[in-house]
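Taking it in order: structure first as structure tokens, then the write-up.
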Amino acid sequence: MRCPYCKFEDSKVIDSRSSSEGRVVRRRRECLSCERRFTTKEHVEGSPLMVVKSDGRRQVYDQEKLRQSLLLACKKRPIPTGSLDNLVIEIEGRLRDKSQDEVASREIGELVISYLRDLDDVAYVRFASVYRNFQDTEEFMSELEELKR
């Protein structure tokens, strides 16, 4: 594994941990040249998961796109980045558990909303307002009322 700091091509593994039901292996490494430490994550690469958009277009599932959406919804909220990384892995795992090569974008959005509702109310409302495309304050207030219940 190439060191991200000095670009030396060899490192040693200090610690390995399995997470997300064995789907991801987190390795703590140390560069053999500069002795700095860094973390890598390995995950099983299966067949590509295709996302079917509402207009029928298909595109390859992008874990980073989901992560960025969550980061935006959780901006300035007391939520550790590690929790969001775990959430992305959990959502992807749930999608892949269905043993389908295609998933509707709507299904991804609903999964994200269900997880955010339990994680943080403000992040949930932020994500829902974009995902559900509220057109006026009535729709927004309706969602808030539901959240209060």
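Laboratory data are not the source of any read-out in this text; all were calculated from the coordinates shown. Just so it is clear, the model here is predicted, and its values are computed rather than measured. Cβ sites come from the backbone with ideal geometry, for glycine too, and all protein chains shown count toward neighbours.
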Note to self: Give me, ordered by chain and number, the residues 5 or more places off Tyr61 or on other chains with an amide H under 5 Å from its own placed amide H.
What the structure shows: Leu49, Met50, Val51
Margin query: Please list, by residue number, every one of the GluC sites (Glu not before Pro) in region 27-89 that is coil in DSSP and has at most 14 other beta-carbon atoms within 10 Å.
Written below: Glu35, Glu45
Notebook entry, point to check: Under a point-charge model restricted to the Cβ atoms of Lys and Arg (+1) and Asp and Glu (-1), what is the dipole moment magnitude of the chain relative to its Cα centre, in debye to the nearest 20?
Noted result: 700 debye
Next item on the list: Lys and Arg at +1, Asp and Glu at -1: add these up for the other residues within a Cβ distance under 9 Å of Arg27 and post the number.
Entry: +3
Margin query: Is the C-alpha gyration tensor of region 1-44 telling us rounded, prolate or oblate? Criteria: a/c under 1.5 is rounded; beyond that, a/b larger than b/c is prolate, otherwise oblate.
Written below: prolate
Notebook entry, point to check: Taking 0.36 nm per residue of separation and subtracting the Cα-Cα distance, what length does fully extending Arg94 through Arg57 add?
Noted result: 11.1 nm
Note to self: Out of the trypsin sites (Lys or Arg not before Pro) in region 2-41, which ones are loop residues according to DSSP with at most 13 other C-beta atoms within 10 Å?
What the structure shows: Arg2, Lys7
Next item on the list: Please find the FRET efficiency linking Glu143 to Arg106, where r is the Cβ-Cβ separation and R0 is fixed at 22 Å, and quote it to the nearest 0.05.
Entry: 0.85
Next item on the list: Label the chain by shape, choosing from rounded, prolate and oblate, from the square roots a ≥ b ≥ c of the eigenvalues of the Cα gyration tensor; if a/c is under 1.5 it is rounded, and otherwise prolate applies when a/b is larger than b/c, oblate when it is not.
Entry: prolate
Next item on the list: State which entries of Lys41/Lys148; Lys41/Lys76; Lys12/Lys98; Lys7/Lys53 exceed 30 angstrom in Cα-Cα distance in the structure shown.
Entry: Lys41/Lys148; Lys12/Lys98; Lys7/Lys53
